[in-house]
Every structure is written in C-alpha cells, then in structure tokens.
Amino acid sequence: MVDRVVDPENDIPVEDVDDVLKAVIVAVLDEAADKMEEGKDVIPFTGLAVKENLFIETHPGDDAEECFLAARKEVQGARGATAYAFCYDGYVDTDEGQKDALIAEGGLPGEEQGYAFGYLYDEDGIEREVVYIGPAPNFMENLKLELEVEGTLDPKEQEEATEE
C-alpha cells in the first residue's frame, strides 16, 4: 500500500512514546498479524483507544489515498479518544532492500507528530518484533484531550475556577 524507509541508525524514536500509544500500536499490529496468519486479507483499519476500550474500524478503498483519507476523517472526529493507530499492509526500504511489513502509524491528541512502527514479514512468516519506522502524520493533531477541553477533574481546582 504505502512505502516507508527504515533507517537502521534511527531505530528508536528520539522522544519516549506514550504507553497508551505503544499499547494501541501493538494491539493493531497483532490484530493484523493474526488476520494474515489466518490467511485473511488485511484491510486498512484504525484502532481508537477510548477509556479502556479499543474500537476497530476498517477503511477499505480502491487505492492507498482513499484508505488514508477515510482513516484520517474517522480519527479527526474522534472526541474522547486518547490514542489511535492506522494499520495497513505495506513495505519498507531497508539496508537489505525492500521488505514487506505490517505498518501502524499512530498518534495522540494535540501532538504535532505521530510515529510509525511495524512488523516485518516474508514467506517464512511474521516477525512479531516491533520495529520503529519513523515519524508519521498525526491525524489527532488538532484534537485535545477531553480533560484539556473541560478543565480538571480535581474538585479543589474546579471550586477555585468557579470562584474566579
């Protein structure tokens, strides 16, 4: 679907990746790997973390751009979500040449940048070792966490805010 370049010098992100985002990325990569191992097609899909739940939505399309735009539209309107990952079957360029990969691009509300991770695979199977691919667009860049929008959950801070 989409090509990415894996830089072996840059195999971990500069910043620490949020634990919720890591969990969502691993969950969608595992979901895609399970489908592939069952012999099913991996239709591009998003995983949205809302509270303790992960909601999966597929984004079929005639081409990569259509799938990408459908995923972006779904995620941009996901108020209350704490993280997302868009997962698809693609390939990456490595020092050893082009390799097939299940790729998950994810992000957090309000963050400028997202991250792409993947599982490499070949005819022998899927390597379920998460590989950092690089920065990615963040479909949630213009969203804010609900707490940031509504204020705080701390009752003392809420009282002080209403007294002002």
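The values are calculated or read from the model by the stated rules, or taken from the named source; none is laboratory data. As the structure is a computational prediction, the values presented were derived from the model and not from experiment. Note that each Cβ is placed from the backbone with ideal geometry, even for glycine, and that neighbours are counted across all protein chains shown. When the accessible area is computed, the model is the full protein with side chains, heavy atoms only, and any ligands, DNA or RNA have been set aside. Shrake-Rupley method; radii C 1.70, N 1.55, O 1.52, S 1.80 Å.
Under the condition of being buried (at least 22 other Cβ atoms within 10 Å of the Cβ) and outside any helix (DSSP H, G or I), the residues counted in the stretch 16-44 number 1. For VAL75, indicate whether it is on the phi < 0 side of the Ramachandran plot, touching a strand residue (DSSP E or B) at 6+ places or on another chain (Cβ under 9 Å) and at pLDDT 90 or above. No; evaluated as a whole, the condition is false for this residue. If the condition is being farther than 16 Å from PRO137 by Cα and of a type in the set (Val, Ile, Thr), then the stretch 44-78 contributes VAL50, ILE56, THR58.
Here PRO109 meets the list (1) out of contact with any strand residue (DSSP E or B) (no Cβ under 7 Å at 6 or more places or on another chain); (2) modelled with pLDDT of 90 or more; (3) open to solvent by 70 Å² or more (accessible area, probe 1.4 Å) almost entirely, failing just condition (3).
Pairs linking a residue in the stretch 127-145 that is within 18 Å of CYS67 (Cβ to Cβ) to a residue that is in a loop (DSSP other than H, G, I, E, B), with Cβ atoms under 6 Å and 6 or more positions apart or on different chains, are ILE133/VAL6; ASN138/GLU111; ASN138/GLN113; MET140/PRO109. Counting the residues of the stretch 100-124 that are without any contact (Cβ under 8 Å) to a residue 24 or more places away in the chain and on the phi > 0 side of the Ramachandran plot gives 0. Scanning the stretch 2-12 for any residue that is at pLDDT 90 or above, of a type in the set (D, E, K, R), within 21 Å of GLN113 (Cβ to Cβ) and surrounded by 13 or more Cβ atoms within 10 Å (Cβ to Cβ) turns up nothing.
Considering GLU52, GLU57, the condition of being in contact with a strand residue (DSSP E or B) (Cβ under 9 Å, 6 or more places away or on another chain) and surrounded by fewer than 17 Cβ atoms within 10 Å (Cβ to Cβ) is satisfied by GLU57 alone. Remark: pairs (first residue in the stretch 31-42, modelled with pLDDT under 95 and of a type outside the set (Asp, Glu); second residue open to solvent by less than 100 Å² (accessible area, probe 1.4 Å) and outside any loop (DSSP other than H, G, I, E, B); Cβ separation under 8 Å; 6+ apart in sequence or on different chains) = VAL42/ALA32; VAL42/LYS35; VAL42/MET36; VAL42/CYS87; VAL42/TYR88; VAL42/ASP89; VAL42/LEU102.
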